[in-house]
Amino acid sequence: MRRYFLPLRELLTLSCLDGTIVLAGAAGLDRPVSAVNVMEVPDVLDWVKPHELLVTTGYPLAAGDGDPAVTLTELLPGLHANNLAGMGVKLGRYLDSVAADALAAADELGFPVLGLPRDLAFDDLIVQVFAQLGHRHDDALARADTLHTTLSQLVLHGADLNRISAEVARVLGVGIVVTSTDGREWGGALDDAARDQLVRLDLIDSSGRVRVERLRMGPHPVADGEARVLPVPAGGTDLARLVCVAPGRALGYDDVQALERTAIIVALLLTRQQAVAVVENKYRGDFLRDVFLDRAGDEAFVVEHARTFGWELDRPMAVLCAEMDPVDAAEEPVSDSTRRLWQERFAAAWRKVCESWDRSISTVDFSTEVVSLLPTSVTGDSPRAAVDRLVGDVAGDRGGGRRPFSVGVSRVVSSVKELPTAYNQARRAIQVGRRISGGRCTTWFDDLGLHRLIALVPDPRELHEFAHDVLGDLAADTAEAADLRVTLQVLLDTNLNVAEAARKQFFHYNTMRYRISKLQTMLGPFTTDPLLRLNAAVALQVLDLHRDSAR
């Protein structure tokens, strides 16, 4: 059952506590109180719970064999460690006063020690405290219900995330940000001062991403208050994160309940938006795929139709393809649904960052890759600097559970007719870059060298035939052929230095000589014919690229 709290300071206004004095620990008067407990034995630590106000007549302290002052002094650190709200002692019957050492310890801990009226009946105190907590409970439910109803009406009237967040911020007196599960801001109502505080606390990174992974551990101190994050669940999955920033105060349980109601409304709004977005993104993706396949129509039609999506295609641009890197062998296998969630989050990050630069940048999700048409002058930087900034903004600090990815970038093109070629260049760049670097790389088509020339051959069958003509049986898809191809590549990499090649493959020198003889039987005199060596080297690269494309 949810527990509600009252600040101890507010509790002191109850009529039954008239005449109560704060003996020590005044710095802790804002500690939350959820119940009252009566001390009946000296060893009370086993019977107390967090956020209780412990009250006593003083008899358990005075009745023992020890000095009451020492007993109380030794008891206070334990009560503080158990997160009690404070301790109230009746003075005048069993205890005339609280020892100075105990009061000094309470002040040092910020643990309130109260001098209770002598005529206070504990049953009256308990009744009034629980009545006050009941009122707080009712008020919290009423406020949450009112907020829920108001937000529901706003959603029905077409309000967006910013409008929903603004209403919650107004009612609760806090800042609100709705983000993706990895912290990309989708909407909110957060003033500049609160945002600056989050930046100073390193809770917002340089790309503007909220570091929600740091807030998931619990409330994070912000100025005199706190920030915390709540999940926005729907259908067994997390849709988003609801970040609440209250720099001036700690959030109470009633605030959290209102925020949980808000998360339900946000989930409804996001579910509706996602249903619409799925259709829109599929339509946009199908259109851009048709452009890449050169079947979308003439250039004037394509440019005009793209403008209905808010895209501008009649300007110099480069095609950028981004793919999440494969799951590492050391990681646990994941389900297809998890992979799809990763891809959706990945695509959303690209869209968010691109839109923050220029809303006319086209960005689509092709199920396994994200494709963006990046204008060359979008940031005033050189194309390479712009791509580096874009990739850096999407990657951030890799927080929030984001996956590593690789990027391929085409040459800059100036017309729609060149986009199919540019897309193929970007695809080839990402394939070759990942094969060379292993992942987490950005590769430009113009940097591919020999691979760039290979990629310019329009007919893949011609390349395949060339490789098989040069390599012969060495191009076969068998373990023996693959092993010999590795030996040939090592020989070429070492400029036919037999001893060095043998060391690299952990072969005996004579074993390497035998392998060279076998390779010459299959290829010809490649050790003495430089043109044959060149053809063999190119054929090996073609074969590797062909196998990468097949995967």
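Okay, here's what the table says:
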quantity: Unique residue being in contact with a strand residue (DSSP E or B) (Cβ under 8 Å, 6 or more places away or on another chain) and surrounded by 12 or more Cβ atoms within 10 Å (Cβ to Cβ) when the list is Val364, Val353, Val327, Val303; calculated: Val364
quantity: First in segment 92-108 and in contact (Cβ under 8 Å) with a residue 24 or more places away in the chain, second anywhere and part of a loop (DSSP other than H, G, I, E, B) and exposed (fewer than 14 other Cβ atoms within 10 Å of the Cβ), Cβ under 8 Å, 6 or more apart; calculated: Gly92/Arg118; Arg93/Arg118; Tyr94/Ala63
quantity: When residues of segment 188-209 are limited to those that are surrounded by 13 or more Cβ atoms within 10 Å (Cβ to Cβ) and of a type in the set (Gly, Ala, Ser), the one modelled with the lowest pLDDT; calculated: Ser207
quantity: Answer residue from segment 59-111, given it is out of contact with any Leu (no Cβ under 7 Å at 6 or more places or on another chain) and among the hydroxyl-bearing types (Ser, Thr, Tyr) and is surrounded by the most Cβ atoms within 10 Å (Cβ to Cβ) among those; calculated: Thr73
quantity: Some residue of segment 233-240 being within 24 Å of the chain's Cα centre (by Cα) and either of a type in the set (Phe, Trp, Tyr) or buried (at least 20 other Cβ atoms within 10 Å of the Cβ) (or both); calculated: yes
quantity: Lone unmet requirement of (1) closer than 30 Å to Glu304 by Cα; (2) in contact (Cβ under 8 Å) with a residue 40 or more places away in the chain; (3) crowded, with 17+ Cβ neighbours inside 10 Å for Phe445; calculated: (2)
quantity: Number of positions in segment 469-503 that are surrounded by 16 or more Cβ atoms within 10 Å (Cβ to Cβ), among the charged types (D, E, K, R) and free of Cβ contacts under 8 Å to residues at least 24 places away in the same chain; calculated: 0
quantity: Long-range neighbours under 6 Å by Cβ, at least six apart or interchain, first residue under 16 Å from Asp124 (Cα atoms) within segment 24-42, second acidic (Asp, Glu) and crowded, with 17+ Cβ neighbours inside 10 Å; calculated: Ala35/Glu52; Asn37/Glu52
quantity: Count of residues meeting criterion [of a type in the set (Val, Ile, Thr), assigned to a loop (DSSP other than H, G, I, E, B) and surrounded by fewer than 16 Cβ atoms within 10 Å (Cβ to Cβ)] in segment 7-32; calculated: 1
quantity: Filter result (within 19 Å of Asp18 (Cα to Cα) and under 52 Å from the mean Cα position of the chain (by Cα)) within segment 75-100; calculated: Ala85, Gly86, Met87, Gly88, Val89
quantity: Any hit, segment 454-465, residues being touching a residue at least 12 places away in the same chain (Cβ under 8 Å), outside any helix (DSSP H, G or I) and either touching a Pro at 6+ places or on another chain (Cβ under 7 Å) or closer than 23 Å to Leu488 by Cα (or both); calculated: no
quantity: Residue satisfying condition, being closer than 22 Å to Thr181 by Cβ and of a type in the set (S, T, N, Q), within set Ser356, Ser377, Ser382, Ser362; calculated: Ser356
quantity: Subset of segment 46-74 that is modelled with pLDDT of 90 or more, outside any loop (DSSP other than H, G, I, E, B) and of a type in the set (A, V, I, L, M) - its residue that is farthest from the chain's Cα centre (by Cα); calculated: Val55
quantity: Subset of segment 33-47 (residues that are over 17 Å from Gln128 (Cβ atoms) and either surrounded by 17 or more Cβ atoms within 10 Å (Cβ to Cβ) or among the hydroxyl-bearing types (Ser, Thr, Tyr) (or both)); calculated: Met39, Pro42, Val44
quantity: In segment 269-287, residue surrounded by the most Cβ atoms within 10 Å (Cβ to Cβ) [restricted to those that are of a type in the set (Gly, Ala, Ser) and within 24 Å of the chain's Cα centre (by Cα)]; calculated: Ala277
quantity: Answer from Ala329, Ala347, Ala306, Ala300 - the residue that is under 18 Å from Arg427 (Cα atoms) and assigned by TED's automatic domain parsing to the domain that holds Arg440; calculated: Ala347
quantity: Meets criteria (at negative phi, part of a strand (DSSP E or B) and not β-branched (Val, Ile, Thr)) for Gly408; calculated: yes
quantity: One residue from Val168, Val155 being over 17 Å from Met39 (Cβ atoms), assigned by TED's automatic domain parsing to the domain that holds Cys244 and modelled with pLDDT under 85; calculated: Val155
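Yes/no per residue for (1) of a type in the set (S, T, N, Q); (2) at positive phi; (3) not assigned by TED's automatic domain parsing to the domain that holds Val89:
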| site | (1), (2), (3) |
| --- | --- |
| Ala104 | no, no, no |
| Gly110 | no, yes, no |
| Leu116 | no, no, no |
| Val129 | no, no, yes |
| His135 | no, no, yes |
| Asp145 | no, no, yes |
| His148 | no, no, yes |
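Results for (1) modelled with pLDDT of 85 or more; (2) at negative phi; (3) surrounded by fewer than 20 Cβ atoms within 10 Å (Cβ to Cβ), shown as yes or no for each residue.
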{"residue": "Arg339", "(1), (2), (3)": "yes, yes, yes"}
{"residue": "Gln343", "(1), (2), (3)": "yes, yes, yes"}
{"residue": "Arg359", "(1), (2), (3)": "yes, yes, yes"}
{"residue": "Asp388", "(1), (2), (3)": "yes, yes, yes"}
{"residue": "Asp393", "(1), (2), (3)": "no, yes, no"}
{"residue": "Arg398", "(1), (2), (3)": "no, no, yes"}
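The values are calculated or read from the model by the stated rules, or taken from the named source; none is laboratory data. On a predicted model such as this, the values are computed, not experimentally measured, just so you know. FYI the Cβ positions are ideal-geometry reconstructions off the backbone, even for glycines, and counts take in every protein chain you see.
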